[in-house]
Structure formats: C-alpha cells, structure tokens
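Accompanying notes for the structure given below.
Values quoted throughout were computed directly from the atomic coordinates according to the rules given, and no laboratory measurement underlies them. Bear in mind the structure is a predicted one, so any value in this text is a computation, not a measurement. We place every Cβ from the backbone using ideal geometry, glycine too, and count neighbours over all the protein chains shown.
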C-alpha cells in the first residue's frame, strides 16, 4: 500500500469492496465497451452495413482493455472517450470504423452512469432490507419490556424497548419505498446525439423516422432497461442524480436518528452497541466503552447529507442542452455518495444486529420516574373514595414538587409514594400504592402496536425479500 499519496477513507476504511468495484475504472470502461457493442448490434439490426465479423471482434475484446494505449492517447487528445475509442480500435482493426458510430461521448458516459447507479442501488437495497430485518428481530424480542420514554429528552409516559425500535424501522421502511420508486423509474439516456435531436441517426438511416424510433428501445433492452428517457438534451437530466442521491441522504438521516438514540441510550447504560473483547474504548481511560460505531454512522451521514447538495446544485445550473461543469462534480459526488451510504449501512447493520440491552438498569430508571406518572391514577382512585378532585390535585402538585426538589437538590431517591401514603388526604396505603406501580400498566398499546406493525407491515416485506436476507456486514476498523 502506498503511503505517499492521498487515499480516500471511503475506500480505505468504510465502503465495501463490492461497492468500490461498481464505481471502479474497470467497471466503467467495460460498460463503455458493452454499450458500443449494443450500439453496433442495434445499428446492424436496423440495416446499417455492419458485419457479424465486426461484432464478434468487438465482443472478443470486451473485457481485455488495453489501458496503456488509452492513457497514452488521452495525453495527446485530452478526451477520455475518444482515447478509449482509439484503444478499442487498435484491438479491433476490422471494427475500428464502426465503433461509436453516430454517437456522442454521453452515449457511453451517461448511460454508464445510469447503469452503475442502478447496480449500486441494488446493493444499497439489499443492505437496507437486512438492516430492517435486524431491527425487526430486536423489536420482536423486546416488544414487552417497559422503558422510560422521552419527549425533549425529558422523562415522559413509558413505552417499550421494542416499540421504540419500530420508530427506527419505520424510517428505514420509508427509505426503502423511496428507493424502489426511484430505482424503478430509472431509464437509460439511449442514443440521443449532440443536442438530443438524434440528427446524426436520422442521417444514418436516411431520414427514416420509424427506424430512428426503434434505436433507443433496442439498446435499452440489450442493457437490461425497460426504456430510455423520452426527451433529453445531450445528457440525461441531472435531476436524475438529484433524485438518486436524495435517497441515499434519506437513509443517512434515518441512520443518524438511530445512531443518536443509541448514543443517548448508551450514556444511560440501558442499551449498548456491540463492543468486542479486545476493543479499546479510549487511549486514556481504559474503562470506557465509547459508542464509536454509532458515532461513525453519524459522522459519515453528515458527509452524505452535505454531499446531496452537489447534484441539486449541478442540476439547477445546467445550461440549455448541456454544459460540462457537471462532469468533475458528478465524478466525486455520485460515487462518493454511494460509498458513504454503503459504509453507513454496513455500520448500521452491525450495530442493529448486536445491540445489548440491560433490563435492570432500564427498570431502575423507569421506577425512579414512575411515581410522578402514576399520580393521575392515584388521584382518580382517591376521588372514587370520596375525595375532592381539586383539593387532591393541588396536594399532588405540592408533594410532587417537594419530591422532585429532594431528588435534584439532595440526590435522594424518589419518595413521592411514601409522602402520598403518609398524607391523610389520600386513602391508599404504601403497599397499595407500590402494587399499582407495575410498569406494564403504563405502556398503553406499545407491545400490541409493535406486534401488529411487525406482523402486518414488516414481516410481509421481509418474506417478499427473503432471498436478500442473511447478509452479514463487515467492519474493517
């Protein structure tokens, strides 16, 4: 490994080899050659004088790219596509004259970009489904465990650990719906020509409009697409990139919400991310178990959320039928957006699949707050026994404030139940009050909602995607 040049952390530390291969130079240039073969085949099928021998020659060298020839040529002509046309022609002398016939650079450049995004979205989708599956298993396991819920990160009415997990799942489910919609709407650019008018092909096919109409659909079918965008300039609309990267940014937002909740729960010592036997949490404090994976999720997600601005701005500033100020930005923002999202999902799946729950700590925290939350029920029982509602409400308020001050100012335990039992205004004794403190009685429909959500929404999705389940993420650092 060279250490004297910059290497992107996305490839060195975070993104999977699978995703890196999709955006590799080799995948790009092999796809270019597949597109040139598809074009030549289609043009032959539509009547142009291209021979089977020329097609076979192109196919024979579809994979063995002579990179040295292309690099030398690009230094001379300063044009990547024409350099590869030249290099391909050296290997295919019989087909040299028909390579790239009638096409512009965007025929291979833009169509390849769409193909790579489609393939990358398939990887993202598989990993997203597995994240949902891991969280669904967690939600089901802990659907009945009461826990303190928070609004404004202040103690609120209890929920269950499993119900909280459904909130994480639901956001990833929305991301999956968005991904499926956008992925399903992807089309190839096709072969539209210099300004999108297909003028060169109208010339090649001697003004035959019907033959020109058949060109794009035939190329799309050969490349595994249902069709091409019906209209374009020289390029496909850069809004396509915006839509795609927005999907990735949505996943980043969902992952950040999940990771932030885990970081807060780990501070509370209620739920922790996985921590390996020999893992070091801090170089200074050997006892620490820092939530470094969740923090890394948040860190990479922040990068991706900011990166999503690039395609949006690029789309907004394209002039007329095309400009070239998109090219350098696209090379960075699209590929790195996918690499970042890939790393985020690897981490998220790893954390979701290894969460550690501490029920006794959860119960301790819940019981410290539950007396405050039970006061309404206590007051209603006292009213039923003949008490005055307004008088009881005021006394509950006074006792709650006193108990709260003792907890905050003196560090005492919550003695509200004892204070109520000793107050003559309330008929309940301490034992009765403690008996009413069963946490399960305060979680409402949380467990039922969790079961229902998993049964009716999540499990059918997982069953429909069963072939994608079982993937295990690998964390390199």
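In the chain, the DSSP beta bridges split such that about 90 percent are antiparallel, to the nearest 5.
Counting only alpha carbon atoms, the long axis of helix 239-268 and the longest principal axis of the chain meet at about 30°.
Placing pseudo-labels 7 Å out from each Cα toward the beta carbon at residue 364 and residue 452 gives an inter-label distance of 3.5 nm. A simple spin-label model places the labels of residue 438 and residue 295 4.3 nm from each other, with each point 7 Å out along Cα-to-Cβ.
Set the Förster distance to 41 Å, then compute FRET efficiency between residue 94 and residue 472 from the Cβ-Cβ distance, nearest 0.05. Numbers along the way, then the final one.
On the way: r = 48 Å, r/R0 = 1.18.
For residue 94 and residue 472, the calculated efficiency is 0.25.
Once the Cα atoms are used to define both axes, helix 292-307 deviates from the longest principal axis of the chain by about 50 degrees.
Per 0.36 nm of contour for each residue apart, how much would the distance between residue 30 and residue 226 grow if the chain were fully extended, relative to their Cα-Cα spacing?
Details: separation 196, 0.36 × 196 = 70.56 nm, distance 2.14 nm.
Extra length from residue 30 to residue 226 when fully extended: 68.4 nm.
Sorted by mean Cβ packing within 10 Å, highest first, what order do the peptides 233-242, 430-439, 328-337 take? Can you show the working numbers first?
Numbers: 233-242: 20.2, 430-439: 14.2, 328-337: 18.3.
Highest-to-lowest ranking by the protection proxy: 233-242, 328-337, 430-439.
Take each peptide in 52-63, 379-390, count the other Cβ atoms within 10 Å of every residue, and average; sorted highest first, the result is 52-63, 379-390.
Computed from the Cβ-Cβ distance with R0 of 51 Å, the FRET efficiency linking residue 66 to residue 180 stands at 0.80.
Hey, can you rank 139-149, 96-106 by average C-beta count inside 10 Å, highest first? Before the final figure, lay out each step's value.
Working: 139-149: 20.7, 96-106: 19.0.
Listed from highest to lowest mean packing, they are 139-149, 96-106.
In the stretch 180-334, the convex hull through the Cα atoms has an average projected area of 13.5 nm², a quarter of its surface area. For the stretch 375-436, the calculated P(r), taken from all Cα-Cα distances in 5 Å bins from zero up to the bin holding the longest distance, is 3, 20, 29, 24, 14, 6, 2, 0 percent. The fewest-to-most ranking of 225, 138 by surrounding Cβ atoms within 10 Å reads 225, 138. Extents of the stretch 75-134, taken as max minus min of Cα coordinates on every principal axis and listed largest first, are 54, 24, 20 Å.
Return the inverse of the average 1/r over all pairs of distinct C-alpha atoms in the stretch 20-98, which is the Kirkwood hydrodynamic radius, in Å to one decimal.
Details: mean 1/r = 0.0771 Å⁻¹.
For the stretch 20-98, the Kirkwood estimate is 13.0 Å.
With all projection directions averaged, the alpha carbon convex hull of the stretch 119-162 covers 4.0 nm².
Just so you know, the averaged projected area of the alpha carbon convex hull for the chain sits at 31.2 nm². The label-point distance for residue 195 and residue 376, in a model that sets each label 7 Å from Cα toward Cβ, rounds to 6.9 nm. Applying 1/(1 + (r/R0)^6) with r as the Cβ-Cβ distance of residue 275 and residue 319 and R0 = 51 angstrom yields a FRET efficiency of 0.45. Given in Å, the Rg to one decimal and the Dmax to the nearest whole number for the Cα atoms of the stretch 156-232 are 22.5, 75.
Helix 25-45 axis versus longest C-alpha principal axis of the chain: approximately 50°, rounded to the nearest ten.
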